[in-house]
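Coordinate-derived values only; no laboratory data. As the structure is a prediction and not an experimental result, all values here were calculated from the model. Ideal geometry is used to build each Cβ from the backbone, glycine not excepted, and the neighbour counts take in all protein chains shown.
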Amino acid sequence: MNLLSHSVLLAAEGTEIPVVAPDTGAGGVFDLLWLVIALPLLGAVLLLGVAPFLPASLRATVDKHGHLLGTATAVASFVLSLVLFLSLLGRDAESRQVGQELWTWFETGSLSVGMDLLYDQLAALFLLLITGVGSLIHVYAIGYMEHDPRRRRFFGYLNLFVAAMLTLILSADFVGLFLGWEGVGLASYLLIGFWQHKPSAAAAAKKAFVINRVGDIGLSLAIALMFATFGTTDFGAVSELTGEADQGTLNALGLLLLLGACGKSAQVPLQAWLLDAMEGPTPVSALIHAATMVTAGVYLVVRSNFVFELAPVAQTAVVVVATVTLLWGAVLGCAKDDIKKALAGSTMSQIGYMMLAAGLGPVGYPFAIFHLLTHGFFKANMFLGAGSVMHGMDDDVNMRHYGALNKAMPVTFLTFAMGYLAIIGFPGFSGFWSKDKIIESALADNLLVGLLAMLGAGVTGFYMTRLMLMTFFGEKRWAKDVHPHESPKVMTVPLMVLAALSVLGGVLLAGDWIVTWLEPVTGHAEHHEPPLPAIVITLLITLVVAIGVAAAWFLVGRRDIPREAPQDVSFATRAARADLYGDAINDAVVVRPGASLVGGLTTLDRVGVDGAVEGGSAAVGGLSTTLRRVQNGFVRSYALSLFAGALLLVLVLLAVNLG
Amino acid sequence: MTQYVVLSAILFTIGCVGVLTRRNAIVVFMCVELMLNASNLAFVAFAKQHGNLDGQITAFFVMVVAAAEVVIGLAIIMTIFRTRRSASVDDASLLKY
Amino acid sequence: MTFWILAPLMVLSALGILFVRKAVHAALLLAVVMISLAFLYAVMDAPFLFAVQIIVYTGAILMLFLFVMMLIGVDASDSVVETIRGQRVMAIVVGLAFGTVLVVGISQVAFGTVVGLDEANAGGNVPAIANILFSKYVFAFEATSALLITAAVGAMVLAHRERLTPKPTQASMAAQRMRDYADHGKHLGPLPSPGVYARHNAVDTPALLPDGTAAESSVSRVLAARGTVRSAPALADDIDDVRRQLGGLDGHSDPTTMPGASGRSGAPANTEEDVDK
């Protein structure tokens, strides 16, 4: 099937937007596509749905060994994904869109939604990331959750998440995508609140859920608008029809999709939940809130390229949101003393980079995905490293209580260092290649955005260096009875694998492989020439990062770090510690007006509606109290009224007949 | 014929007033019978007026129904009297507001 | 002519029902109205209804009324005080209005020529009625049979009284009498018969006990309640009268020797025997 013949020509840009038209008859290993989802789903069903109903003795066994099943399904899914990827590599470049129609999910009116799967170059990369990193984190969690009495349930949730995430990625229909989208939301909620005995965890789970619902409203409205406009929600059909829709509809569609992406990917203004989500167990933070789920927004924008390419307003909004978020997250990362929250701020910032790239159009899509993959490696690596540090420090997350851990935990230190070098963009490491490309494209598109992105890179260098220095170098500031030790093999081995990937992730760009690979999905775009030669830009970025690192060295590394956070700090630091007042803004803009509105409506309901209803009933009651006196029990009284009625009837008859 | 119908109306009205004013259940019943008889008179008069016997047949049926009614009514009065020791219709006034 | 005689009678009788206080009188006045009605039926060429009116209404229904009246008390009469406020006034007002409206309304109607029943009654009134009743009105007729049966069953159900205690046997009654005698000293034998005197031999005359007092249990309690029992002093007066009439014939007869001759509580038991001698 020649895909290019199906593409829609965008005259103004000279760019072609490919149409989604999967080959459903590929056969062979592609018929097993559904199994990628079904395996972790089976794990989740067995661990969550079946296990609680087993007899007590059998359940004890399952509780003891259930994590192995959970890990096995994830690994099996990864192996299958790898086979699928290799098979896809074996096909012609132009027939690498494979579909599988499972069944018709539902039909109502003119809307027919099929449970169809779409496996193309984009999905293939995501599948590898999710199942690969997911498997590693499953393995890591075996060690991390070893002493948790509810480990079986934890792995059930992890499997549920993986199944939902794969549904999100593989679905060939926006409704199917929404199913996975809600599934990962549910899994995220369950896992953030996994330690529900902590009120903070329960509150964080609720907060994440509620803010995500705001985004979901955007996505569901987008799907509804899609159905209203195109009469279908299938990727293929929508991508063919977008060319015929008018600009306003497409912009609205794009903005609604962006709202959905903002919720899931913690972009400003729906960013407030991500830092609190760190209440969940660290493997969860690594898998869901760093490597995979939070990047779903990026996936959504890239997957909906056929909408965004024709909706310039929405695309600009994506760039604006992304730029604000990447700086916002970076600033948060500078001020947090909680190692996981610092990393979470960093995650927010890095997703901002991805969104920025995704907002740049076909030029940026491959780099968004590229950065997404490398970020998935190095951020998962760092989160797991942070988990390893916490494991050794008795679950203390305050970096002010760390220091000099490089000796106590050498493996963790070294692997973490790989992730650190990758994220700041040390030349040669994976993050260097991906971030460099994004900033370069941004500069070519818009000078201001590009410069802000470059500034963000410098801040990244600052806060990551600060984190490294506070954790692994300097004086020991440990609590008295803490004895840091290296984590067991089951935790360090995944760290090593991820460290290796963090270092080597850049090979995906070798010979522009990823650009070429994704071109059938994202469309081909002529690169605009950046204002400066590429090598100069690269040097500039490296310089900015070096300045950030040096600043961190002078401000943090050379000073003594107090065990308690100093209070007499600048306004900027205070603001950053308070999440740049994100919660306060939410509270002022949404929560308090909402509460006032509800309070007013309640009063109106009580006084107005209830008053009318109760007044009416009281009036009827009073009237009845008076009228019931007529029912005095004397049959002669009743006869009198009967007789009077007869008199009236006769009078009426006479009036009619004689009158 | 007018005079018969007028007599019938007068008797009917007297019966009505009797039902409304008398309190002894048996007398009330008698007044009901008086009303039935008054209507019978009208039926018979109309039968003669129109020259067919349907009016008389109707009067006959009224008598039958009246007989049945009296039987049941008096039985009810008996029962009430047996339990309440009173034949006044005003005494049976418990079913009220 | 018949009408003008009967009509005022009927109206007066009917009005009487409204005003008489005793239910029996009301029933008798109703009988007058009904019999008069029967005559009016006869005048209006309805001989069958004439008979039925007399047999069913006057004969059966009114008798039933009287029967029930006997059962629940002949003397039951209304008090004149109206208990429901405004009921009587309203009844009269509405009744007058109703009657006026009806009478005025009927007198406004032009009835036209009377067809008369000569033709319809040509083969006799009863066969003509039978012809219509068993052809045109046969279903209604059958329905009335069901109605009558229902009414009969209903009356039986209503009048039926469930026996709550076992029926007393002769043995138990005898035992009860013995118990009463043992506990309260109640007389065991039959009640004494009324007094039998030369001039008085009736159930309202009490017998005299040996001490000259009247035996109250020798007359019916009902008569005692009504106050129609002859008192012993009255009997004594009779004796005195007789003695005065006989005066002088018998030397030893002296009213003053007669114990209790002017007494209030009783008469001497041997007086009459003396007189008879």
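Quick notes on this structure:
- Using C-alpha pairs below 8 Å separated by at least 6 residues, the relative contact order for region A:249-340 is 39 percent.
- Whole-number Å³ per residue for the convex hull built on Cα positions in region B:2-84: 57 Å³
- Amide H contacts for residue A:338 (H built 1.01 Å from N in the peptide plane; partners 5 or more residues away or on another chain; cut-off under 5 Å): A:399.
- Sum of -39500 (n - 2.57) over DSSP H runs of 4+, divided by residues of the protein assembly as shown (222 nm, nearest 500): -21500 deg cm²/dmol
- Net charge dipole, region B:2-84: roughly 340 debye, given to the nearest 20, about the Cα centre with Cβ charges of +1 for Lys and Arg and -1 for Asp and Glu.
- Cα lying deepest toward the dipole's positive end in region A:333-572, options A:372, A:434, A:566, charges on Cβ: A:566
- Computed from backbone phi with θ = phi - 60° and the Karplus coefficients 6.51, -1.76 and 1.60, the 3J(HN,Hα) list for region A:551-564 is 4, 4, 4, 6, 7, 10, x, 8, 9, 7, 9, x, 5, 9 Hz; x is used for glycine and proline.
- Number of partner chain Cβ atoms within 10 Å, mean per residue of C:16-23: 5
- Residue among C:110, C:126, C:86 farthest towards the positive dipole end of region C:27-139, charges placed on Cβ: C:86
- Annotation: lysines with alpha-carbon distance below 25 angstrom to residue A:340 (same-chain offsets under eight excluded): A:198, A:206, A:207, A:264, A:379, A:407, A:435, A:476, A:480, A:489.
- Within the shell of other residues whose beta carbon sits under 10 angstrom from the beta carbon of residue A:234, the net charge comes to -3, with Lys and Arg scored +1 and Asp and Glu -1.
- A quarter of the convex hull surface defined by the alpha-carbon atoms of region A:584-658 gives 9.5 nm² as the mean projection.
- Ranking of C:41, A:353 by count of other Cβ atoms within 10 Å, fewest first: C:41, A:353
- Across all C-alpha atoms in region C:1-75, the radius of gyration and Dmax reach 13.3, 41 Å.
- A cut-off of 5 Å between modelled amide H atoms, ignoring neighbours fewer than 5 places along the same chain, links residue B:88 with B:25.
- Between the listed residues A:450, A:164, A:205, the Cα displaced farthest toward the positive end of the dipole of chain A, a dipole computed from Cβ unit charges relative to the Cα centre, is found at A:205.
- Footprinting exposure proxy for C:137, A:299 (fewest neighbouring C-beta atoms within 10 Å first): C:137, A:299
- In order along region A:255-267, phi translates into HN-Hα couplings of 5, 5, 4, 4, 4, x, 4, 4, x, 6, 9, 6, 8 Hz, rounded to whole numbers, per the Karplus curve 6.51 cos²θ - 1.76 cosθ + 1.60 with θ = phi - 60° and x for Gly and Pro.
- Placing +1 on each Lys and Arg Cβ and -1 on each Asp and Glu Cβ, with no other charges, gives chain A a dipole about its Cα centre of roughly 2580 debye.
- Rounded tilt (10° steps) of B:2-21 against the dominant C-alpha axis of chain B: 10 degrees
- About its Cα centre, the dipole of region A:492-635 is roughly 760 debye, where the only charges are +1 on Lys and Arg Cβ and -1 on Asp and Glu Cβ.
- Per-residue HN-Hα couplings for region C:91-96 [Karplus 6.51, -1.76, 1.60; θ = phi - 60°; Hz; x = Gly/Pro]: 4, 5, 4, 5, x, 4
- Averaging 1/r over every pair of different alpha carbons in the protein assembly as shown and inverting the result gives a Kirkwood radius of 39.6 Å.
- Relative contact order of region A:98-222, defined on C-alpha pairs under 8 angstrom at six or more residues apart (%): 19 percent
- Angle of helix A:199-230 to the longest C-alpha principal axis of chain A, folded into 0 to 90 degrees and rounded to 10: 80°.
- Distance from the Cα centroid of region B:19-97 to that of region C:131-152 is 20 Å (rounded to whole angstrom).
- Taking 4 °C and 1.567 mPa s as conditions, region A:333-572 diffuses translationally at an estimated 70 µm²/s according to Stokes-Einstein applied to its Kirkwood radius (Cα pairs).
- The residues A:418, C:173, when put in order of fewest to most other Cβ atoms within 10 Å, stand as C:173, A:418.
- Amide H within-cut-off set for residue A:117, under 5 Å, with H built and near neighbours excluded: A:100, A:101, A:102, A:172
- Seen against the Cα atoms of chain A and their longest principal axis, helix A:635-658 is set at about 80 degrees.
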